[in-house]
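Visitor: Could you have a look at this structure, given as structure tokens, before my questions?
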Amino acid sequence: MPSFILRLLRLPPATTWSDALGFALMRLLAHLPLSWVRALGWLLGQVLHAAAAPRRRIARTNWALCFPRLSEPERNAAVRRHFVLFAQALLDRSWLWHGSPDTVRRRLHLSGAPEALSGDAPLVLFAPHFVGMDAGWTAITLQVQRRFCGIYAEQTSKTLDRWVREGRQRFGAPHIVPRRQGLKPLVAALRSGEPLYLLPDMDYGLSDSVFVPFYGVPAATVPSLSRFARLARAQVVPVISRLTPRGYDINVMPAWKDFPSDDAVADTAEMNRRLQDWIDTMPEQYYWVHKRFKNRPQGQPGPYGRD
């Protein structure tokens, strides 16, 4: 690729043409009205729903397990809406990571109890996998005068990895810890006063996971919310992000009382129970394309079949 294009887009030398075009498009979208970005997201969502058959089957399986009282046409319609919201949130990263600070601030509305994030007490922010999770992170790092800590899953593509890292470090000089570094630097960050933005509500494999109910179905879940809170003597503050026509509403909830307990399994089951209540208020915005029930208790078959 010509070097002047790489310099113009601020991309590393190994960038492919397809990556360069994608990043150029995201920088262009950052300057468009939000309604245009969302319209393009609606179109992209329809395309993904039609083309990404394996992910569509995963999402439909998840909905069948979690919402069995709905009819199949109702569940399929909800999955289609989920793909649209997923795509809209994906394109919203254009203005989250490349739009002017004034634009970002205007479109992100912090509500609830944002004062719970102030001070220097150890905090674990429970941020479930709703489509607006990146908007929630951007909102608090932009609008709260405190350094936050987040766990980062490194990307296979070096160009994509750099783009995501720089996007998530855009405001507030946050502390990003690669997942491969393990527990120690995260506990140290918590104890030093950096609130940890934690997303523990997925199936990360059987290692260190426990099986607790999620919509009545045993789900492999890491008990990290309870463990981090106990190790750092931290309070747990939920941060719930909702995509809206004007941008995002990020609800900072009061700190949980009587959490953690001495029982990490009971704490993790309680985490899932509270998560279900939030999902029920906006079910299409949860991250259903993930194999939430991939790992099963011994002797139970997997629900997804072969993709």
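Visitor: I need a count of the residues in the stretch 288-304 that are in contact (Cβ under 8 Å) with a residue 24 or more places away in the chain and either closer than 22 Å to residue 208 by Cα or surrounded by fewer than 17 Cβ atoms within 10 Å (Cβ to Cβ) (or both).
Guide: Result for the stretch 288-304: 11.
Visitor: So which of 34, 85, 44, 90 ends up being buried (at least 21 other Cβ atoms within 10 Å of the Cβ), in contact with a helix residue (DSSP H, G or I) (Cβ under 9 Å, 6 or more places away or on another chain) and modelled with pLDDT of 95 or more?
Guide: Among 34, 85, 44, 90, only 85 is buried (at least 21 other Cβ atoms within 10 Å of the Cβ), in contact with a helix residue (DSSP H, G or I) (Cβ under 9 Å, 6 or more places away or on another chain) and modelled with pLDDT of 95 or more.
Visitor: Just to be sure, is residue 222 surrounded by 22 or more Cβ atoms within 10 Å (Cβ to Cβ), under 29 Å from residue 75 (Cβ atoms) and under 19 Å from the mean Cα position of the chain (by Cα)?
Guide: It is false that residue 222 is surrounded by 22 or more Cβ atoms within 10 Å (Cβ to Cβ), under 29 Å from residue 75 (Cβ atoms) and under 19 Å from the mean Cα position of the chain (by Cα).
Visitor: Within the bounds of the stretch 158-175, is there any residue that is touching a strand residue (DSSP E or B) at 6+ places or on another chain (Cβ under 6 Å), closer than 19 Å to residue 229 by Cα and touching a residue at least 12 places away in the same chain (Cβ under 8 Å)?
Guide: Among the residues of the stretch 158-175, at least one is touching a strand residue (DSSP E or B) at 6+ places or on another chain (Cβ under 6 Å), closer than 19 Å to residue 229 by Cα and touching a residue at least 12 places away in the same chain (Cβ under 8 Å), which makes the answer yes.
Visitor: Let me ask something else about it. For residue 208, indicate whether it is touching a strand residue (DSSP E or B) at 6+ places or on another chain (Cβ under 8 Å), over 28 Å from residue 23 (Cβ atoms) and not aliphatic (A, V, I, L, M).
Guide: Criteria not met by residue 208.
Visitor: Quick one: residue 187 ticks every box in (1) surrounded by 13 or more Cβ atoms within 10 Å (Cβ to Cβ); (2) out of contact with any strand residue (DSSP E or B) (no Cβ under 8 Å at 6 or more places or on another chain); (3) modelled with pLDDT of 90 or more except a single one, so which number is it?
Guide: The failed condition is (3).
Visitor: Hey, does the stretch 33-43 have a residue that's closer than 30 Å to residue 273 by Cα and either out of contact with any strand residue (DSSP E or B) (no Cβ under 9 Å at 6 or more places or on another chain) or among the small types (Gly, Ala, Ser) (or both)?
Guide: The answer is no, given that none of the residues of the stretch 33-43 is closer than 30 Å to residue 273 by Cα and either out of contact with any strand residue (DSSP E or B) (no Cβ under 9 Å at 6 or more places or on another chain) or among the small types (Gly, Ala, Ser) (or both).
Visitor: Could you tell me which residue of the stretch 235-262 is surrounded by the fewest Cβ atoms within 10 Å (Cβ to Cβ), considering only residues that are over 19 Å from residue 224 (Cα atoms) and among the polar types (S, T, N, Q)?
Guide: Top of the filtered list is 244.
Visitor: Then there is this: Yes or no: the stretch 273-282 includes at least one residue that is over 29 Å from residue 77 (Cβ atoms) and in contact (Cβ under 8 Å) with a residue 40 or more places away in the chain.
Guide: Scanning the stretch 273-282, I find no residue that is over 29 Å from residue 77 (Cβ atoms) and in contact (Cβ under 8 Å) with a residue 40 or more places away in the chain, so the answer is no.
The values are calculated or read from the model by the stated rules, or taken from the named source; none is laboratory data. This structure is a prediction, so every number in the text was calculated from the model and none was measured. Methodologically, a virtual Cβ is constructed for each residue, glycine included, from the backbone with ideal geometry; neighbour enumeration extends over all protein chains shown.
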